[in-house]
Amino acid sequence: MAVTIKTPGEQQKMRVAGRLAASVLEMIEPHVRPGVTTEELNEICHRYIVDELEAVPAPLNYNGFPKSICTSVNHVVCHGIPGNKRLRRGDALNIDITVIKDGFHGDTSRMFLVGEGSIQARRLSEVARESLFVGIEQVRPGATLGDIGHAIQSYVEARGFSVVREYCGHGIGQVFHEEPQVLHYGDPGTGTRLEPGMCFTIEPMVNAGKRHVKLLADGWTVVTKDHALSAQWEHTLLVTDEGVEILTLRSDEQIPQLPA
Ligand code: MF3
Ligand code: CO
Ligand code: CO
């Protein structure tokens, strides 16, 4: 399957799916507190997606994934499975939400620091979020995927952190993960050229230590090999004639002022 270009009608459905996915992260924020389990967060999100949004939680049963959201704590890079682990003050948590509404997917994730968060967790989370926006800044017709990857990689590595290579952003629409693969590292001017009507995610995973990861025996949970902290933020994007539309922007969100 080649990269799909969404028609205006499909773009409208992507806007709706994106807004709903973002609303789940807005809804769950006050529940992320010391003592709550990631399974409790999963249940709250599941009920909200199904009952309030009348949407489908895309992760549930996706290639056998057992829960409705991903919860990745501290050295977990991505695809953490909600369970009976209680959050503690100082934990850094990524919640990744994907909903299907009217056949279209919206995919977004953010970090939460439980209590204050350590200085290192705060810095890592901030650089990971900024790197997402550094990538988004590159998105416009005629730019390449390599421009995005290069911008993210340079930003992160200049700040002493590393970028995970085994997992990437992806085209999205009626299919959860479609072409193209959106790498968070690379060379400017290389790879697929962006065109209006493309939809894809950018979702850099940024490690405090080395970039290497390993997959746990549950077949899903990805952790840093050195057990150092990892952080991730994700948005679903639409390439427009003018540049980019962030389909999963939240009301609490400010677009960071980035150094030139
Ligand atoms: N939401 C994740 C992504 O950003 C994918 C999760 S797949 C799952 O692509 F099966 F683990 F839920
Ligand atoms: Co994604
Ligand atoms: Co996601």
Are any residues in segment 52-71 farther than 15 Å from His105 by Cα and touching a His at 6+ places or on another chain (Cβ under 7 Å), and if so, which ones? Cys70
Being of a type in the set (S, T, N, Q) and more than 15 Å from ligand 3 (Cβ to nearest atom): is that true of Asn94 here? no
Within segment 180-219, which residues are within 14 Å of ligand 1 (Cβ to nearest atom) and surrounded by fewer than 19 Cβ atoms within 10 Å (Cβ to Cβ)? Pro180, Gln181, Leu215, Leu216, Asp218, Gly219
Before we move on, is Gly64 surrounded by fewer than 14 Cβ atoms within 10 Å (Cβ to Cβ) and within 16 Å of Val16 (Cβ to Cβ)? no
Determine whether segment 2-13 contains at least one residue that is touching a helix residue (DSSP H, G or I) at 6+ places or on another chain (Cβ under 8 Å) and farther than 23 Å from Ala231 by Cα. yes
Tell me, please, whether a residue that is assigned to a loop (DSSP other than H, G, I, E, B), out of contact with any Gly (no Cβ under 8 Å at 6 or more places or on another chain), more than 28 Å from Asp91 (Cα to Cα) and not polar (S, T, N, Q) can be found in segment 202-219. no
For segment 77-94, give me each residue that is more than 16 Å from ligand 2 (Cβ to nearest atom) and part of a strand (DSSP E or B). Arg86, Ala92, Leu93
Mind checking whether some residue in segment 231-241 is closer than 22 Å to Pro141 by Cβ, more than 16 Å from ligand 1 (Cβ to nearest atom) and part of a loop (DSSP other than H, G, I, E, B)? yes
Yes or no: Arg47 closer than 22 Å to Ala208 by Cα, open to solvent by 40 Å² or more (accessible area, probe 1.4 Å) and out of contact with any helix residue (DSSP H, G or I) (no Cβ under 9 Å at 6 or more places or on another chain)? no
Every residue in segment 73-107 that is surrounded by fewer than 23 Cβ atoms within 10 Å (Cβ to Cβ), within 12 Å of ligand 1 (Cβ to nearest atom) and among the small types (Gly, Ala, Ser), please. none
Scan segment 18-33 and give yes if some residue there is more than 20 Å from the chain's Cα centre (by Cα) and open to solvent by 70 Å² or more (accessible area, probe 1.4 Å), otherwise no. yes
Arg165 passes all but one of (1) charged (D, E, K, R); (2) closer than 15 Å to His235 by Cβ; (3) more than 13 Å from ligand 1 (Cβ to nearest atom); which number fails? (2)
Does any residue in segment 181-209 that is among the charged types (D, E, K, R) come within less than 7 Å, Cβ to Cβ, of a residue that is loosely packed, with under 15 Cβ neighbours inside 10 Å six or more places away or on a different chain, and which pairs are these? Arg193/Gly142; Glu195/Ile5
For segment 21-56, enumerate the residues that are more than 19 Å from Gly80 (Cβ to Cβ), assigned to a loop (DSSP other than H, G, I, E, B) and among the aliphatic types (A, V, I, L, M). Leu53, Ala55
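The values are calculated or read from the model by the stated rules, or taken from the named source; none is laboratory data. Worth saying up front: this structure is predicted, and the values here are computed from it rather than measured. Here Cβ is always computed from backbone atoms with ideal geometry, including for glycine, and neighbour counts include all displayed protein chains. Side chains included, ligands, DNA and RNA excluded: accessible areas come from the protein's heavy atoms. Shrake-Rupley method; radii C 1.70, N 1.55, O 1.52, S 1.80 Å.
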